[in-house]
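Accompanying notes for the structure given below.
Just so it is clear, none of the values below were taken in a lab; they were calculated from the coordinates. As the structure is a computational prediction, the values presented were derived from the model and not from experiment. So basically every Cβ, Gly included, is an ideal-geometry build from the backbone, and we count neighbours across all protein chains shown.
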């Protein structure tokens, strides 16, 4: 019984380590060769996990071999565009200047229903509002509105909204995030002081984010929201 438990735990850890080593994209939309490898990995590891009579090496060695092959394919894809197109495919233009390319849909084996579903996922209920749509190499559909229907840019309106970067989560679940706090160039004493001035504590804050305009937003434990200017915008350091 302990042997089964140990083998299962070991193979599970090996699977996690392998998936993490393949890169974060492995956890999102997959290239065709990445999907094939993910399916094979699960199959290879399940056999020695189910049967004590199967040596662990019979599961670990093929996983190591596939990891090496995956690395070779990835490096070759980064170096040679033709090889990448061969193993991963190329983006395909399915809507151009508002017109659906029926031949391209047939080549990709996509139905009109598939296209409409992808456009809805991209935020378009009416396909007539789409100026350009592309089926990416991973199968996702990227769509853009026609020029006349797109929202105006701030620069076109003569506005300058200033720098907008990634807000920093300083507190999550009542715990300070030291790495994010260091990135802002601020200290724990500063954070405690700001919270104390508003009658709050770290433990009473579910989520605290500091944006690149210097505004601090506090989502309080049990409900409640506070938003205020914590530092001058010119002092934002990230």
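Evaluated on the range 168-235, the Kirkwood hydrodynamic radius is 11.7 Å, with distances taken between all distinct Cα atoms.
Based on the mean of other beta carbon atoms within 10 Å per residue, what is the order of 219-225, 136-142, 154-160, most packed first?
Ranking, from highest mean packing down: 136-142, 219-225, 154-160.
Counting only DSSP H runs of at least 4 residues, each contributing -39500 (n - 2.57), and dividing by the residue count of the chain, the helix-based mean residue ellipticity at 222 nm comes to -13500 deg cm²/dmol. As a rough guide to protection, the peptides 165-173, 179-187 ranked by mean Cβ packing within 10 Å, highest first, stand as 165-173, 179-187. The range 219-238 and the range 165-182 have Cα centres spaced 11 Å apart. For the range 71-112, the direction-averaged projected area of the alpha-carbon convex hull comes to 3.9 nm². Once Rg and the Kirkwood radius are both taken over the C-alpha atoms of the range 90-228, their ratio Rg/Rh works out to 1.21.
Based on other C-beta atoms within 10 Å, arrange 111, 77 from fewest to most.
111, 77
Summarising the label geometry, the points placed 7 Å from Cα in the beta-carbon direction at residue 188 and residue 202 lie 0.5 nm from one another.
Checking [x] 25.5, 73; [y] 16.9, 49; [z] 17.2, 56 against the coordinates, the calculated Rg and Dmax of the Cα atoms in Å falls under label [x].
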